[in-house]
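Data first, discussion second: the structure below is written as structure tokens.
Throughout, read-outs are computed from the coordinates displayed, never taken from laboratory work. Note that the structure is predicted; figures quoted are calculated from it, not measured. When we count neighbours, we look across all protein chains shown, and the Cβ atoms used for this are built from the backbone with ideal geometry, even at glycine.
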Amino acid sequence: MLNNSAKLLKTPFTHLKDISNLLMHQASGPARASKPVSGVTFTPEPASGGKKFRMQTRNLTVRYGTTIGVEDVTLPIYDKEVLALIGPSGCGKTTYLRALNRMHDLTRIASVTGEVLLDGTDIYGNDINPVNIRRRIGMVFQKPTPFPTMSIYDNVVAGLKLVGIRKKSLLDEVCERALKQAALFEEVKDRLRSPGAGLSGGQQQRLSIARALAVDPEVMLMDEPTSSLDPQSTNRIEELIHTLKEQVTIVIVTHNMQQAARLSDRTAFFYVGHLIETGTTNDIFTKPKETRTEEYISGRFG
Amino acid sequence: MKTMLQRNIRDRFMEGLLVLSTIIVLLPLIIIIAHVIIHGIGALNWDFFTQELGSPSRALQGRPTGLVHTILGTLVVDFMALTIALPVGLGAGIMLSEYPDHKLNPVLRVMNDTLNGMPAILKGLLAFVLIVKPMGTFSGFSGGVALSFVMLPIIARTTESALMSIPWSIREAGLAIGLPRWRVVLSTVMPAARFGLVTGTLIAFARAAGEAAPLLFTSFGNNYLPNHWLGMILGPVDTLPQRLYSLAISPYSHWHNMGWAAAIVLLVFVMLTFATARFFTRQKF
């Protein structure tokens with residue numbers, strides 16, 4: 001309690017957000033004492049059209065050994081929005097993204113503190129199995145990653161088949177649905193049994209997206225999904241993200257300002273491990289409050 | 001300031017040195033193969049592959065004699081060793097490659113390298129203490145265990161490097177669709193590395209198939225084919241490398257010739273294994 005009052009004095013906005021979260025989610029689990037917020041400029045956000053939180057990070061810090069990847073990031077992710085993470089290379093946006101589905105678990109030197117809430121539950125909680133979390137929070141990587149020995153079909157249904165779902169009618173249905181969602185079905189429907197690695201780069205990336213969609217995730221994390229693709233494939237994937245956001249919440253890391261502007265509803269700007277500014281994409285691109293944000297999006301650095 | 005000509009000569013000279021070292025490396029191999037074939041080919045006949053060795057008098061009296069029991073024994077002991085070493089070696093290799101953060105990993109790595117560098121005869125001694133003494137008899141099984149100690153560290157290390165050659169991104173992609181870690185290794189990483197895994201296993205197999213030392217006081221040797229096939233596992237059994245040694249130190253010229261013939265069979269066996277390994281190495285996905 002003492003801790004909370006101290007926080008109230010120091011950072012009124014963060015505390016207000018905590019309260020609003022409590023009201024919205026009846027936050028489960030014992031409340032953790034979060035450490036005081038350091039000198040980060042945090043811009044409070046206008047309510048995003050009454051949308052509810054799908055995820056939220058509170059005072060999230062990721063360290064690699066003693067090096068800090070991202071520090072003290074408090075950021076809400078609203079339901080069925082596209083949130084773009086932008087910032088110069090090495091600013092921590094990928095590090096932040098990977099914390100959202102516990103990908104740092106594999107790196108022993110990485111330590112994550114703070115909270116990552118998914119529907120109000122901390123995904124780093126003691127009784128949480130990261131495998132279940134990753135089924136709800138999918139991820140697409142910079143480079144397409146088809147499983148090299150599997151056919152297109154097996155790639156798509158891997159997330160189901162490899163956990164023991166064998167019912168062919170169900171797998172067929174999921175495969176077709178996911179490929180259609182990823183706008184790849186028409187191109188590959190006659191060669192579902194041929195190797196996934198035989199597709200073009202753009203198709204492979206859409207295959208990776210289809211594979212991620214097949215397990216029906218609620219949130220999709222995308223780490224520069226178009227950076228290794230040609231403009232045409234990039235286009236297709238952007239269209240895809242546009243339609244997908246009706247069904248899933250999307251967090252996308254991008255180096256491409258135009259892409260962020262085109263795709264996202266909200267944008268968060270990271271700089272040297274800190275969240276500098278966040279707001280609606282329109283606000284960030286037209287009237288940023290921070291000079292560093294303005295300098296970055298106008299191409300003066302980064 | 002050197003002239004162009006001088007530099008060219010220097011270049012050619014260095015290239016010549018490389019070719020020379022290559023020849024020096026290949027020469028012993030060629031000499032061994034040629035020598036073994038010249039001496040042994042005469043003793044390779046139908047009897048060699050169908051008869052058992054028996055006592056020295058058989059050869060002295062010109063009765064049919066051969067090494068069928070040795071060839072069969074070699075296959076039994078070697079495959080027994082493979083059956084023991086493969087699962088354990090694969091497991092250790094997976095541990096080394098896929099769980100680099102695990103506390104046991106550094107220990108395992110040092111132990112594995114130590115086991116690999118340990119003299120083969122000590123591995124025989126270990127199998128002697130572990131199996132032969134309690135069983136009260138030399139046996140094919142103890143020979144298999146001794147050879148598995150030879151195979152194990154090689155399989156572990158080749159498995160590790162085969163798995164490490166698969167990009168880390170494949171594992172992350174597997175985890176990102178909610179697969180447990182063991183499932184990612186089993187269903188995505190290992191199939192991708194399958195040719196490397198087969199190659200490593202074959203190299204370990206060929207290496208162990210040529211070992212005589214671990215077998216001297218484990219499978220021991222036998223001049224006869226056992227009455228029952230179980231005798232090959234539970235009783236003393238002949239193997240090519242150890243028989244080769246016994247024939248070579250015997251005082252009978254007929255046995256010497258058979259020793260050379262045994263060497264041919266062993267060479268062909270080992271070289272075929274290596275050739276198969278080479279074939280798999282060249283396979284792509």
Task: Euclidean distance of C-alpha centroids, the range B:103-171 and the range B:1-52, integer Å - done: 32 Å
Open item on the list: Under 13 Å between alpha carbons, and skipping anything fewer than 8 positions from B:Lys2 in its own chain: which aspartates and glutamates qualify?
Closed with: B:Asp11
Task: Packing rank of B:201-208, B:60-67, where each peptide gets the mean count of other beta carbons within 10 Å, highest leading - done: B:201-208, B:60-67
Open item on the list: What does the structure give for B:188-196 when I average, per residue, the other chain Cβ atoms found within 10 Å of the residue Cβ?
Closed with: 3
Open item on the list: Cβ neighbours within 10 Å, averaged per peptide: list A:127-135, B:178-186 in order, most packed at the top.
Closed with: B:178-186, A:127-135
Task: Order by protection proxy (mean Cβ within 10 Å, highest first), peptides A:171-183, A:91-103 - done: A:91-103, A:171-183
TODO: Counting helices only, and only those DSSP H runs with n ≥ 4, report the 222 nm mean residue ellipticity of chain B as the sum of -39,500 (n - 2.57) divided by its residues, in deg cm²/dmol to the nearest 500.
DONE: -22500 deg cm²/dmol
Task: For residues of A:103-115, the mean tally of beta carbons on other chains within 10 Å - done: 2
Task: At q = 0.06, 0.08 Å⁻¹, base-10 log of I(q)/I(0) for the protein assembly as shown (Debye sum, equal scatterers on each alpha carbon) - done: -0.50, -0.74
Open item on the list: Would chain B count as rounded, prolate or oblate if I go by the C-alpha gyration tensor, calling it rounded below 1.5 in a/c and otherwise prolate when a/b exceeds b/c, oblate otherwise?
Closed with: oblate
Task: For the range A:192-251 versus the range B:198-265, the gap between their alpha-carbon centres in whole angstrom - done: 59 Å
Open item on the list: Counting only other chains, and only Cβ atoms inside 10 Å, what mean value do you get across the residues of B:178-184?
Closed with: 6
Task: Förster radius 60 Å - calculated FRET efficiency between B:Val68 and B:Leu5 (Cβ-Cβ, nearest 0.05) - done: 0.40
Task: Cα-based Rg and Dmax for the range B:1-74, where Dmax is the largest Cα-Cα distance (Å) - done: 24.8, 78
Task: 12 Å Cα-Cα reach of A:Lys143 towards aspartates and glutamates, excluding residues that sit fewer than 8 places from it in its own chain - done: A:Asp223, A:Glu224, B:Glu172
Task: Using a Förster distance of 35 Å, the FRET efficiency for B:Leu130-B:Trp229 (Cβ separation, nearest 0.05) - done: 0.90
- [ ] With 32 Å as the limit, write out which pairs from A:Lys93/A:Lys168; A:Lys93/A:Lys245; A:Lys52/A:Lys168; A:Lys180/A:Lys289; A:Lys245/A:Lys289 have Cα-Cα distances beyond it, or answer none.
- [x] A:Lys93/A:Lys168; A:Lys52/A:Lys168; A:Lys180/A:Lys289
Open item on the list: Could you give the length gained by full extension between B:Val19 and B:Asp101, i.e. 0.36 nm per residue of separation minus their alpha carbon distance, to one decimal place?
Closed with: 25.2 nm
